Amino acid sequence: MLDFFFLMLKQPWPWYVSGPIIGLCVPLLLIVGNKSLGISSTLREICAAILPGKINFLNYDWQQQRWNLVFALGLITSGFVGGILLNSNEPIHLSVETRELLVGYGIANQSGVMPSSIFNFNELLNLRGLIMIVGGGFLVGFGTRWAGGCTSGHGILGLSTFQWPSLVATITFFAFGILTSIFLLPVILKIGN
């Protein structure tokens, strides 16, 4: 029985199993602790705890949001358990067209979700790496603050509570994600190749 359990954990779960589990986190957090699902505000709590000072944005009682830090630690821990300890070392399943497209972009290692030919510390030494890792990280952080939340906050919590701004934010996230992957990503990936 235990072997079946670990075998089940080592395989990707279909969307119709994992999706409802993620969706059930929203009412569970609301019912159990009157908490809202979202992760982008965690950075604000970390900065407020570490850098107490005269910055108005960080001058608040961050300890009332300690649960958010525990939630983020749980996400990091579960990512480690799922990605490292329960890793089956099998390549992810990609269509032939996607594999050919990635090879055309010069992405050689396609065995994981984050190809090591792009996501590694050596990439920080060239322009492509700086744009993708540092620039992308900055834009994600700035964008989540500007949009008042991240994809989980808007896409899961906001949509489940019928918030109009969350619908607009989620549509915008996905539309620009598609446009970026079609038009901007190929240009960035060709830098340095």
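The values are calculated or read from the model by the stated rules, or taken from the named source; none is laboratory data. Keep in mind it's a predicted model, so treat the numbers as computed, not measured. For neighbour counting, all protein chains shown are included, and Cβ atoms are generated from backbone atoms with ideal geometry for every residue, glycine included. Areas reflect the complete protein model, heavy atoms only, side chains present, ligands, DNA and RNA absent. Shrake-Rupley method; radii C 1.70, N 1.55, O 1.52, S 1.80 Å.
Just wondering, is there one or more residues in the range 55-77 that are of a type in the set (Gly, Ala, Ser), surrounded by 11 or more Cβ atoms within 10 Å (Cβ to Cβ) and under 23 Å from Gly141 (Cβ atoms)? Scanning the range 55-77, I find at least one residue that is of a type in the set (Gly, Ala, Ser), surrounded by 11 or more Cβ atoms within 10 Å (Cβ to Cβ) and under 23 Å from Gly141 (Cβ atoms), so the answer is yes.
Given the structure, is Tyr60 hydroxyl-bearing (Ser, Thr, Tyr) and within 30 Å of Leu189 (Cα to Cα)? Against the criterion (hydroxyl-bearing (Ser, Thr, Tyr) and within 30 Å of Leu189 (Cα to Cα)), Tyr60 does not qualify.
In the range 46-60, what count of residues is obtained for those that are of a type in the set (Gly, Ala, Ser) and either in contact with a strand residue (DSSP E or B) (Cβ under 8 Å, 6 or more places away or on another chain) or assigned to a loop (DSSP other than H, G, I, E, B) (or both)? The total comes to 1.
Annotation note: of Leu30, Leu43, the sole residue that is open to solvent by 100 Å² or more (accessible area, probe 1.4 Å), part of a helix (DSSP H, G or I) and either over 23 Å from Ile84 (Cβ atoms) or among the basic types (Lys, Arg) (or both) is Leu43. For the range 37-61: of the residues being under 14 Å from the mean Cα position of the chain (by Cα) and β-branched (Val, Ile, Thr), which is modelled with the lowest pLDDT? Among residues in the range 37-61 that are under 14 Å from the mean Cα position of the chain (by Cα) and β-branched (Val, Ile, Thr), the one modelled with the lowest pLDDT is Ile39. Residues of the range 17-25 include none that is of a type outside the set (Ser, Thr, Tyr), touching a Gly at 6+ places or on another chain (Cβ under 8 Å) and either open to solvent by 100 Å² or more (accessible area, probe 1.4 Å) or modelled with pLDDT of 80 or more (or both).
The sole residue among Ser166, Ser181 that is of a type in the set (Ser, Thr, Tyr), over 15 Å from the mean Cα position of the chain (by Cα) and exposed (fewer than 13 other Cβ atoms within 10 Å of the Cβ) is Ser181.
When Leu75 is tested against the conditions (1) within 15 Å of the chain's Cα centre (by Cα); (2) assigned to a loop (DSSP other than H, G, I, E, B), the lone failure is (2).
The residue that is farthest from Lys10 (Cα to Cα), counting only those in the range 78-99 that are open to solvent by 100 Å² or more (accessible area, probe 1.4 Å) and at pLDDT below 80, is His93. For the range 120-134, the count of residues that are among the polar types (S, T, N, Q) and surrounded by 13 or more Cβ atoms within 10 Å (Cβ to Cβ) is nonzero.
Listed by first and then second residue, the pairs with beta-carbon distance under 6 Å, at least 6 apart or on different chains, first residue in the range 133-157 and without any contact (Cβ under 8 Å) to a residue 40 or more places away in the chain and closer than 26 Å to Gly23 by Cα, second among the hydrophobic types (A, V, I, L, M, F, W, C) and open to solvent by 30 Å² or more (accessible area, probe 1.4 Å), are Thr151/Phe173. In this structure, Val103 qualifies as modelled with pLDDT under 85, open to solvent by 40 Å² or more (accessible area, probe 1.4 Å) and over 20 Å from Val140 (Cβ atoms).
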